[in-house]
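Presented below is the structure to which this report refers.
The values are calculated or read from the model by the stated rules, or taken from the named source; none is laboratory data. These numbers were taken from a predicted model, which means no experiment stands behind them. FYI the Cβ positions are ideal-geometry reconstructions off the backbone, even for glycines, and counts take in every protein chain you see. In case anyone asks, the SASA skips ligands and DNA or RNA and just uses the protein heavy atoms, side chains included. Shrake-Rupley method; radii C 1.70, N 1.55, O 1.52, S 1.80 Å.
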Amino acid sequence: MKLSTVLATAAATTTTAIVGSIASRDSDSRWFRKLRKPGFQPPAEVFPIVWTALYADIAVTSAVAIDEYTGAADYEGRRKYITALATNLVLNASWSWVFFKWHRLMPSTLVAAALAVSTADLTRRTAEASPAAGAALAPYSAWTAFATVLTGRITKLNR
């Protein structure tokens, strides 16, 4: 993995985290506290820990994948991977805005679902480039699938 590649992917994931966290400041708002939540909602303290680990995971595994595509001279695969990564990170940051800032429950469920699909695709593409990196990215797929279920349940509880 080249330093320049991991610095680029780290910058992209850090930007995503910052943009999402701006909207997530409302996670302790009166609106959020009044929402009915399912029993499987993790404690608030879990989210920053999980997301920090996942953003680091995305940065490293994506750098590995991009360098593998580049090393194999598969520039089309590299281009498609970078496009998939960018799409994923936009969806990732968008969810916080739709849910926390704009209080749109059903649309946030749809964004979460789109993010889960995008993450599964990114994990597949990562595994094609490097099976070990793909396996390392699998927790991100699991977490976004869980987030979709959680968001959907919150939506249903608060109709």
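Mind pulling the angle between the C-alpha long axis of helix 75-96 and the longest principal axis of the chain? Nearest 10 degrees, somewhere in 0 to 90.
Roughly 20 degrees, rounded to the nearest 10.
For the chain, compute the number of Lys pairs whose alpha carbons are separated by less than 29 Å, excluding pairs fewer than 8 positions apart on the same chain. Present the calculation step by step, with values, prior to reporting the outcome.
Details: Lys2/Lys80; Lys34/Lys101; Lys34/Lys156; Lys37/Lys101; Lys37/Lys156; Lys101/Lys156.
Taking the Cα cut-off of 29 Å, the pair count is 6.
Give me the dipole magnitude in Debye, nearest 20, for the chain about the Cα centre, with unit charges on the beta carbon: positive for Lys and Arg, negative for Asp and Glu.
The dipole magnitude comes to about 960 debye.
For the chain, what's the relative contact order in percent, using C-alpha pairs closer than 8 Å and at least 6 residues apart?
This gives 32 percent for the chain.
Take every Cα-Cα distance within segment 1-68, group them into 5 Å bins from 0 onward, and report for each bin the whole-number percent of pairs it holds.
Result, from short to long distances: 3, 15, 19, 19, 14, 11, 8, 6, 4, 1 percent.
Counting Lys +1, Arg +1, Asp -1, Glu -1, what net charge surrounds Pro38 among other residues with beta carbon under 13 Å of its beta carbon?
On the way: positive: Arg36, Lys37, Arg153, Lys156; negative: none.
Computed value for this residue: +4.
Could you report segment 1-81's accessible area per residue, 1.4 Å probe, as an integer in Å²?
59 Å²
For the chain, what mean projected area does the convex hull of the alpha carbons give, in nm²?
For the chain, averaging the hull's shadow over all directions gives 8.7 nm².
Accessible area, 1.4 Å probe, largest first: how do Phe146, Phe40 sort?
Phe40, Phe146
If you average 1/r across every pair of different Cα atoms in segment 74-142 and take the reciprocal, what Kirkwood value do you get, in Å?
12.6 Å
When the accessible area of the chain is split by element with a 1.4 Å probe, what percent falls to carbon and sulfur? Please list the in-between numbers first.
Details: 5520 of 8330 Å².
The C+S portion of the solvent-accessible surface of the chain is 66 percent.
Net charge near Leu137: determine it from the other residues with C-beta under 10 Å of the C-beta of Leu137, scoring Lys and Arg +1 and Asp and Glu -1.
On the way: positive: Arg124, Arg125; negative: Asp57.
Summing Lys and Arg as +1 and Asp and Glu as -1 gives +1.
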